[in-house]
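Asker: Handing you a structure now.
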């Protein structure tokens, strides 16, 4: 018998918002940025960014991509079946200070002499 929480789209959405918030906060900490700095770089209002970071507002993928791009990250969705263990996205990022699994640093453009 499957638990009710395992089949609840509302909880799934909340879990994804928490994951996004943790990735944003981890990267902000790594860069030494505060919320105002990130809001200016996105650009977006501080209040909207605060609602996203505190998981009080849904965030469409295009907005999430803009925020992650401003942080120098590229996002990829990683799927797994319910019987698999989820990838250790957040714990590894906090412990090792590396980027979370599924999030890649943007490659710097190479400058060539003309």
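The values are calculated or read from the model by the stated rules, or taken from the named source; none is laboratory data. Keep in mind the model is a prediction, meaning the values are calculated, not measured. Every residue, glycine among them, receives a Cβ derived from its backbone with ideal geometry; neighbour counts consider all protein chains shown.
Asker: Could you pull out the residue among 92, 74 that is surrounded by 12 or more Cβ atoms within 10 Å (Cβ to Cβ), touching a strand residue (DSSP E or B) at 6+ places or on another chain (Cβ under 7 Å) and at pLDDT below 90?
Answerer: Criteria check complete, one pass: 74.
Asker: So which residues in the stretch 45-71 are in a loop (DSSP other than H, G, I, E, B), over 19 Å from residue 26 (Cα atoms) and either modelled with pLDDT of 90 or more or touching a strand residue (DSSP E or B) at 6+ places or on another chain (Cβ under 7 Å) (or both), if there are any at all?
Answerer: 45, 60
Asker: Still on this structure, I have one more. Can you give me the number of residues within the stretch 1-15 that are at pLDDT 60 or above, more than 21 Å from residue 54 (Cα to Cα) and in a loop (DSSP other than H, G, I, E, B)?
Answerer: Of the residues in that region, 0 qualify.
Asker: On the given criteria, is residue 34 exposed (fewer than 13 other Cβ atoms within 10 Å of the Cβ) and under 15 Å from the mean Cα position of the chain (by Cα)?
Answerer: It is false that residue 34 is exposed (fewer than 13 other Cβ atoms within 10 Å of the Cβ) and under 15 Å from the mean Cα position of the chain (by Cα).
Asker: Residue under question is residue 99, and the condition is that it be modelled with pLDDT of 85 or more and under 17 Å from residue 32 (Cα atoms); does it hold?
Answerer: no
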